[in-house]
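Structure first, then comments.
The values are calculated or read from the model by the stated rules, or taken from the named source; none is laboratory data. Computed from a predicted model, the values in this text were never measured in an experiment. Methodologically, a virtual Cβ is constructed for each residue, glycine included, from the backbone with ideal geometry; neighbour enumeration extends over all protein chains shown. In case anyone asks, the SASA skips ligands and DNA or RNA and just uses the protein heavy atoms, side chains included. Shrake-Rupley method; radii C 1.70, N 1.55, O 1.52, S 1.80 Å.
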Amino acid sequence: NTAAPTTIDLQVHATRFAFQEWAGVIRGLTNIAIDSTFETSLKGPVNRLATDLRLTGTGGGITGQLTLDTTVPGWRGAGAVDVDRLNLARWLNREDRPSDISGHVTFDLALELGRRFPRGVYAFQGPHAMYMHYAADNLRARGQLTATEVLIADATATAYGAAVTAADGSIGIDAPFPFRF
């Protein structure tokens, strides 16, 4: 007597979604200070949920496809999304951390929702990225996120009119946000 795995076939269209209002259901939404509209579909078993996402809100826009594993604490996600004018200040509920990021992101991350900073590998390619008023255009970067820092394996960009290349670097996640390039 073998039980079949739980499968989901869910489509959601929300004309208004306030992340913090749902924090009682998904604890990881507590600090996400975003009001949005979104459409999503989730299909498949809970350890391989094929997810299509389209979100537009006060923290920018995100559109793409990913696979979620909701059986692991904090969830795991892998896929690719396009971000449009992403403002991390809203996602982190830290107005002192403004950003304006547009581009294509691929990732394979332990999302750590409600637990800590995501961990895993990423790649970014986009026309513009600004964080805390430091800006770059035509940015390409790849690396890894750890519990304490963003590791940069390599990156190229144009910043303030100059070509920039980084072959190795890191940015600390916690204050005082140390960096090394």
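Run the numbers for Phe181 and Val121: contour at 0.36 nm per residue of separation, minus the present Cα-Cα distance, in nm.
This chain segment gains 19.8 nm when fully extended.
Assuming R0 = 30 Å, can you tell me the calculated FRET efficiency for the pair Thr106 and Ala3, based on Cβ-Cβ distance, to the nearest 0.05?
That gives a FRET efficiency of 0.30.
Suppose we look only past 28 Å in the calculated P(r) of the stretch 28-172. What percent of the Cα-Cα pairs does that tail hold?
Tail fraction, whole percent: 16.
Out of Gln144, Gln11, Gln125, any idea which swings most in a Gaussian network model of the chain, alpha carbons joined below 10 Å?
In this elastic network of the chain, the residue with the biggest mean-square fluctuation among Gln144, Gln11, Gln125 is Gln11.
Give the separation of the Cα centroids, the stretch 146-181 to the stretch 90-136, in Å.
12 Å
Simple spin-label model, 7 Å along Cα-to-Cβ: Thr30 to Ala147 in nm?
Distance between the two pseudo-spin positions: 1.8 nm.
I need the phi-derived Karplus couplings for the stretch 16-28: 6.51 cos²θ - 1.76 cosθ + 1.60, θ = phi - 60°, integer Hz, Gly and Pro marked x.
These are the phi-based 3J(HN,Hα) values: 8, 9, 9, 3, 5, 5, 9, 4, x, 8, 10, 3, x Hz.
Apply the Karplus curve 6.51 cos²θ - 1.76 cosθ + 1.60, θ = phi - 60°, to the phi angles in the stretch 120-128 and return the couplings in whole Hz, x for Gly and Pro.
Per residue, the Karplus-derived 3J(HN,Hα) values read x, 9, 8, 9, 9, 9, x, x, 7 Hz.
Once amide H atoms are placed 1.01 Å from N in the peptide plane, what residues at a sequence separation of 5 or more from Asp154, or on another chain, have their amide H within under 5 Å of its amide H?
Amide H to amide H, under 5 Å and 5 or more residues apart or across chains, Asp154 pairs with Arg142.
Relative contact order (percent) for the chain, with alpha-carbon contacts under 8 angstrom and 6 or more residues of separation?
12 percent
Compute the accessible area per residue over the stretch 19-172, keeping the other protein chains in place, probe 1.4 Å, unit Å².
54 Å²
Label points 7 Å out from Cα along the Cβ direction at Asp84 and Arg16: separation in nm?
In this crude spin-label approximation the distance works out to 2.2 nm.
With every protein chain in place, what's the accessible area of Glu21 (1.4 Å probe, Å², nearest 10)?
Taking all protein chains as shown, Glu21 has close to 130 Å².
Hey, got a sec? Which chymotrypsin sites (Phe, Trp or Tyr not before Pro) in the stretch 106-177 land in a DSSP loop and have at most 16 other Cβ atoms within 10 Å?
Answer by residue number: Tyr160.
Taking 8 Å as the Cα distance limit and 6 or more residues as the minimum spacing, I'd like the relative contact order of the stretch 92-172 as a percentage.
Rounded, it is 22 percent for the stretch 92-172.
Residue-wise, which Karplus ³J(HN,Hα) couplings in Hz belong to the stretch 77-82, taking 6.51 cos²θ - 1.76 cosθ + 1.60, θ = phi - 60°, and x for glycine or proline?
With the stated coefficients, the stretch 77-82 comes to x, 9, x, 9, 9, 9 Hz.
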